Structure formats: C-alpha cells, structure tokens
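Right, one structure below, let's go through it.
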Amino acid sequence: MSTLYRKAKFLLAVQHLEQLPTNITHEVGFAGRSNAGKSSAINTITGIHSLARTSKTPGRTQQIVYFQLDETRALTDLPGYGFAKVPLAVKETWRKLMEGYFQTRQELKGLVHIMDVRHPLKEFDLQMLEWCEYKSVPVHILLTKADKVSKNVGSSTRLSVLKATKEIGLIDAEVQLFSSLKRLGGEQVIEKLDYWLEYNGK
Ligand SMILES: Nc1nc2c(ncn2[C@@H]2O[C@H](COP(=O)(O)OP(=O)(O)OP(=O)(O)O)[C@@H](O)[C@H]2O)c(=O)[nH]1
Ligand SMILES: [Mg+2]
C-alpha cells in the first residue's frame, strides 16, 4: 500500500473560498451526507485514526478541511449535508461554499462520494452526482458501513448504485463496498487516488 497517505497532516480548514490554499495543485474531495462516514474513510485510508474528526453527532464538519499529503497534493473532507436539523442559513452557506468550490477549483481532480450502504442515493446524493457529471469531475463511490449488511445485500446494492451512475451519465464511476470498522476496501480506493493525484511511487 502506498505510503503517501500515511503522511497526511492537517493543513487548514476553509470557510470562505478566498482561503483555498495556493500551494496545492492536485486534490481529491470526500463528499457525502452527514454521518455517512467521510471522516472515518479518510482516517482508514491514511491509517491515522485521529486525523479527521469523526462524530456521532451529524453535521459537525462545516468547513472544507485540507489534509496535505506532500508539497502539492491534498485530500479534502467536504462538509456533510442533508441533515434536517441544520438551520436554513447554515444550509445556504454550505451551498455557496460547495458551489464555488466545484465551479472554480481546477485542482479538484476527483470526488470520492460516500454513502451509507443502507441508505444510498438520497436526494442530496443524486444532486451531488449530477453536479459532478455536469462539471466533469470524475467520481468514485464508496458504499460504506458494509459491515452492517450481508454480502448479498451489499452486492445487490452495489449493482443498483452502479446502474444509477450510468443513468446519470457518470460512465467511468466505480462503485465499491467499504468499511472503516473492518478496514475493507482501502486498496481499491487508494488505486484511484493514486491515479487522480498522479502519484506513482509505492
Ligand atoms: N459500523 C460502521 N460504522 C461506521 C463506519 N464508518 C463510519 N461509521 C460511524 O458512523 C458515524 C459517522 O461517521 P463520520 O466519519 O463522522 O461521518 P461523516 O460523514 O464525516 O459525518 P459529518 O462530518 O457529520 O458529515 C460514526 O459514529 C462512525 O463511527 C463503518 O464503516 N462501519
Ligand atoms: Mg466528518
């Protein structure tokens, strides 16, 4: 497994687009509904368990959090969305930040979209995937918390999500099962990260 990700370090948390770092040329975003398991996935991929804050209280991450891998590469933990208890003003701030990020951030080379395998393809997920298709941002889907369902349910969910991505027009999107709890599926997503980040060293 690549050692690049083990070197991840917190760089900064961005609340306004003007704060986006200028030294980073290649980054991959981690998106998904609140509580889907974004921060846990980042911790699993890097092998650093205290890196991205994980929480049982959904909606805690309200900023774009940068984890720097080397001088020019980073992973970003994108703010969760789809949590009903967040006030409207906070949702509006979220929308503006994310829209601006997707529209202007050339350095964003791909998006890892994370969904709880038990609750895939909610309205916000479809919005995000359609957005990626529109902006031509490549997508890799993790169906996480795979430890919570049987192998059969996992593989049939994977196939139906794969079908949905084709219907949206994301013809190259891979869909895989993942578990941060059991540390399953790390190699496959890291292969995609290496490709997007143009990282060939092992
Ligand atoms: N069983 C199981 N639980 C998981 C897994 N991944 C995450 N969780 C749990 O799900 C909850 C939410 O995980 P987070 O990683 O904080 O989710 P998030 O998407 O970053 O949430 P926000 O930052 O609020 O948007 C935590 O209680 C995690 O321990 C997994 O693969 N399996
Ligand atoms: Mg989080």
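The values are calculated or read from the model by the stated rules, or taken from the named source; none is laboratory data. Since this is a predicted model, take the numbers as computed values, not measurements. For neighbour counting, all protein chains shown are included, and Cβ atoms are generated from backbone atoms with ideal geometry for every residue, glycine included. Accessible surface areas use protein heavy atoms only, side chains included; no ligands, DNA or RNA. Shrake-Rupley method; radii C 1.70, N 1.55, O 1.52, S 1.80 Å.
What the table shows:
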item	result
Residue pairs, from the table K96/K148; K122/K151; K96/K182; K9/K145; K9/K135; K9/K122, whose Cα atoms sit over 30 Å apart	K96/K148; K96/K182; K9/K122
Förster-model FRET efficiency, 22 Å R0, E99 and E123, C-beta, rounded to 0.05	0.85
Calculated [θ] (222 nm, deg cm²/dmol) that DSSP helices of n ≥ 4 give over the chain, each run adding -39,500 (n - 2.57)	-11000 deg cm²/dmol
Accessible-area ranking of S160, S136, largest first, probe 1.4 Å	S136, S160
Segment 64-103 - charge dipole about Cα centre, Lys and Arg +1 at Cβ, Asp and Glu -1, debye rounded to 20	280
Computed accessible area, R6, all protein chains, 1.4 angstrom probe, square angstrom	150
Debye intensity ratio in log₁₀ form over the Cα atoms of the chain, taken at each q of 0.11, 0.18 Å⁻¹	-0.45, -1.36
Protein accessible area in the chain, 1.4 Å probe - carbon and sulfur %	51
Residue with peak Gaussian network fluctuation, the chain [Cα springs, cutoff 10 Å], from L159, L78, L88	L88
Probe 1.4 Å, accessible area per residue of segment 4-196, Å²	50
Long-range HN-HN contacts of V14 with modeled amide H, under 5 Å	I64, V65, Y66
Förster-model FRET efficiency, 35 Å R0, Q106 and K163, C-beta, rounded to 0.05	0.70
Max mean-square fluctuation residue, GNM over the chain, Cα-Cα springs under 10 Å, options V161, V90, V28	V90
Local electrostatic count, A8, Cβ distance below 13 Å [Lys/Arg +1, Asp/Glu -1]	+1
